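Q: Here it is, the structure, as structure tokens.
The values are calculated or read from the model by the stated rules, or taken from the named source; none is laboratory data. Everything numeric here is computed off the predicted structure, so don't read it as measured data. Every residue, glycine as well, gets a Cβ built from its backbone with ideal geometry; the counts of neighbours run over all protein chains shown. Ligands, DNA and RNA are stripped out before the accessible areas are found, and what is left, the full protein with its side chains, is counted by its heavy atoms. Shrake-Rupley method; radii C 1.70, N 1.55, O 1.52, S 1.80 Å.
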Amino acid sequence: MMGRNARSFFWNLSENLATQLIQFTIGIIMARILMPADYGLVGILYVYIAICTTVTNGGFSAALIQNTERNESDYSTVFFFNMGVSVALALLLWTLSPLLASFYGQPLLEGLTKVMALPIVINALNLVQRTRLTIQLDFKLLAKIGVVAAVVQGTTGVAMAYSGCGVWSIAWAQVAGAATSCLLCWLWSGWRPQSRFSAPAFKRMFSYGSKLLTSSLIDTVWNNIYPLIIGKFYPPASLGFFTRAHGYAALPATTITDVVSRVTFPILSEMQAGRQQLHQSYNQMLLLTAFFMFPLMVGIATLADPLIRLMLTDKWVGCVPYLQILCLAMMLYPVHALNLTLLKVTGRSDLFLRLELWKKGLGIIVLAATLPLGVKAMCWGMLLLSVVSLLFNTHYTGKFLQLGIFAQIKFCLPIAGIAALSAACAYGTTRLATELWLQLLGGAMAGAIAYCLFSRLLTPSAFKTVVETVRNRRSAA
């Protein structure tokens, strides 16, 4: 089972790393051409698009994965539900687009809303195909689809940006990427809807998926509420700095989180009856997550200044302090996801929802307290909330697997400490150079070498486990 975990983990990681690397590179090129205010305009709409995407899913993808007795009627039911809801929501956005433009005082938002609503329908067309591939653990095919779609999206965006299309290049690039992914899923997955919508199947899955849908909606609104509020109370350029910083901090965090969620959910779902096996697999995923995530996020925070200045030029330097704080806030996101996956595996979507309500209630208090203090204070609030949320998310993990907050802190603290020591080495190295590229390259190399050495010396068992897992993945490839 460990070999299967490793193969799934690293195929999924390969897809995400390749896709994110392409998007990251394309993003750099486009950010050097476009202005912060352009990203601010698009950032305003992300919350509305994200909410519609979440409703379209409806929690049914998770219901399909969790139910080991799923059938063809279930798949077809989810497909037709997704399509009907996605079309209705896209039409709703088209209708509301003039109101959004008037509310924010940005006339361009009317047209942008209509364009950015298109991927909602396009993505719904291939949601079941992607879910089936996830159930089959066919992350190799998902990797191919993801990489090709990212290339098409990036090429479209850069071409339009160079042509002077401005903010429209961001919107139409997303349409191109979604269309490519949808086409490839239909061509390569081999699945087509083979039966009609089934009310009994819908009712059965809704009882489980509705609670996850509510939780996902709360989480989606919360994850996008900062751009929504910043866009209303602060200039577009300030929102542009925030969205760029948040995007760079979220890039590795969401990549690892997506890997953890997509791999662990179908695998752990098959182990629901075996607590010892579930415990062992959970520990392995926690180790892999912390080992790769902690040094990466701490390293980006340490090298944020030369990184932003070199990649995006000095016009984006305003996002550096936001990026440094948000990297630390995002560092725990994959750990949160791993804990929450356990609740979905055990079928306790009610507890999942309860946790989300408690955390978001606390988040509203933090947001209200930091909003008048400025965007930087809001970022500090996000960091505080991330730390406190870990206390909530590990509560039921402690009950089910005897892996509560103290056990997980004990497990992860040495890795976090080594990451901090490595970051100090990286920072010291940047002080020895004046050229930005030397600061970035030297700091990254010093941090990586220090992390490997400290890990091998101070946590030899964890280091050995990670190395063996990587070797098993390479030999199985």
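Q: State which residue is farthest from residue 226 (Cα to Cα) when the search covers only the stretch 46-71 and only residues that are part of a helix (DSSP H, G or I) and of a type in the set (S, T, N, Q). Don't jump to the end; show me each part of the working.
A: Start the filter on the stretch 46-71 by keeping residues that are part of a helix (DSSP H, G or I), which leaves 46-57, 60-66.
Next cut, of a type in the set (S, T, N, Q) only: 53-54, 56-57, 61, 66.
Details: 53: 18, 54: 18, 56: 23, 57: 23, 61: 27, 66: 32 Å.
It comes out as 66.
Q: Sort out for me the helices (runs of 4 or more DSSP H) sitting completely within the stretch 377-477 that have 3 or more residues that are at pLDDT below 85.
A: Of the helices (runs of 4 or more DSSP H) lying wholly inside the stretch 377-477, those with at least 3 residues that are at pLDDT below 85 span 395-401, 405-430, 460-476.
Q: Look at residue 214 and say whether it is open to solvent by 10 Å² or more (accessible area, probe 1.4 Å), among the hydroxyl-bearing types (Ser, Thr, Tyr) and free of Cβ contacts under 8 Å to residues at least 60 places away in the same chain.
A: On the way: open to solvent by 10 Å² or more (accessible area, probe 1.4 Å): yes; among the hydroxyl-bearing types (Ser, Thr, Tyr): yes; free of Cβ contacts under 8 Å to residues at least 60 places away in the same chain: no.
Answer is no for this residue.
Q: Residues of the stretch 218-251 being of a type in the set (Lys, Arg) and either at pLDDT below 85 or assigned to a loop (DSSP other than H, G, I, E, B) (or both), which ones?
A: If we filter the stretch 218-251 for residues that are of a type in the set (Lys, Arg), which is where we start, we get 232, 244.
Passing the criteria: only 232.
Q: I need the full set of residues from the stretch 134-169 which are out of contact with any helix residue (DSSP H, G or I) (no Cβ under 7 Å at 6 or more places or on another chain) and under 20 Å from residue 240 (Cβ atoms), in order please.
A: Once the filter is applied, which keeps residues that are out of contact with any helix residue (DSSP H, G or I) (no Cβ under 7 Å at 6 or more places or on another chain) and under 20 Å from residue 240 (Cβ atoms), the stretch 134-169 yields 164, 165.
Q: Then there's this: Can you tell me which condition residue 335 does not meet? The list is (1) under 28 Å from residue 47 (Cα atoms); (2) modelled with pLDDT under 75, and all the others hold.
A: (2)
Q: Select from the stretch 94-130 the residues that are open to solvent by less than 10 Å² (accessible area, probe 1.4 Å) and either under 17 Å from residue 56 (Cα atoms) or of a type in the set (S, T, N, Q) (or both) and list them in ascending order.
A: 97, 113, 116, 117, 120, 124, 126, 128, 129
Q: Let me ask you something else. Is at least one residue of the stretch 348-369 modelled with pLDDT of 90 or more, closer than 28 Å to residue 295 by Cβ, over 18 Å from the mean Cα position of the chain (by Cα) and not in a loop (DSSP other than H, G, I, E, B)?
A: Yes, the stretch 348-369 has at least one match.
Q: Tell me, which residue of the stretch 178-217 that is of a type in the set (Ser, Thr, Tyr) and assigned to a helix (DSSP H, G or I) is farthest from the chain's Cα centre (by Cα)?
A: As a first pass, look at the stretch 178-217 and keep what is of a type in the set (Ser, Thr, Tyr): 180-181, 189, 195, 198, 207-208, 210, 214-216.
Checking the rest, the ones that are also assigned to a helix (DSSP H, G or I) come to 180-181, 207-208, 210, 214-216.
Values: 180: 20, 181: 18, 207: 26, 208: 23, 210: 21, 214: 18, 215: 16, 216: 13 Å.
Filtering first and then ranking leaves 207.
Q: Which of the residues belonging to the stretch 424-453 are surrounded by 20 or more Cβ atoms within 10 Å (Cβ to Cβ) and either within 18 Å of residue 288 (Cα to Cα) or touching a Pro at 6+ places or on another chain (Cβ under 8 Å) (or both)?
A: 430, 439, 440, 443, 447, 451
Q: Still on this structure: Can you tell me how many residues in the stretch 230-253 are crowded, with 19+ Cβ neighbours inside 10 Å, within 11 Å of the chain's Cα centre (by Cα) and small (Gly, Ala, Ser)?
A: Residues meeting the conditions: 3.
Q: Which of the residues that make up the stretch 145-154 are open to solvent by 20 Å² or more (accessible area, probe 1.4 Å) and either in contact (Cβ under 8 Å) with a residue 60 or more places away in the chain or in contact with a His (Cβ under 6 Å, 6 or more places away or on another chain) (or both)?
A: The initial filter retains those residues of the stretch 145-154 that are open to solvent by 20 Å² or more (accessible area, probe 1.4 Å), namely 147-148, 151-153.
Those that are open to solvent by 20 Å² or more (accessible area, probe 1.4 Å) and either in contact (Cβ under 8 Å) with a residue 60 or more places away in the chain or in contact with a His (Cβ under 6 Å, 6 or more places away or on another chain) (or both): 147, 151, 153.
Q: I'm trying to understand the selection: among the residues of the stretch 178-203, which are without any contact (Cβ under 8 Å) to a residue 40 or more places away in the chain and either touching a strand residue (DSSP E or B) at 6+ places or on another chain (Cβ under 7 Å) or crowded, with 17+ Cβ neighbours inside 10 Å (or both)? Walk me through it before giving the result.
A: First, pick out the residues of the stretch 178-203 that are without any contact (Cβ under 8 Å) to a residue 40 or more places away in the chain: 180, 183, 187, 190, 192, 199-200, 203.
Those that are without any contact (Cβ under 8 Å) to a residue 40 or more places away in the chain and either touching a strand residue (DSSP E or B) at 6+ places or on another chain (Cβ under 7 Å) or crowded, with 17+ Cβ neighbours inside 10 Å (or both): 180, 183.
Q: Taking residue 33 and the conditions (1) β-branched (Val, Ile, Thr); (2) open to solvent by 50 Å² or more (accessible area, probe 1.4 Å); (3) within 19 Å of the chain's Cα centre (by Cα), which numbered condition does it fall short on, given that it satisfies the others?
A: For residue 33, the failing item is (3).
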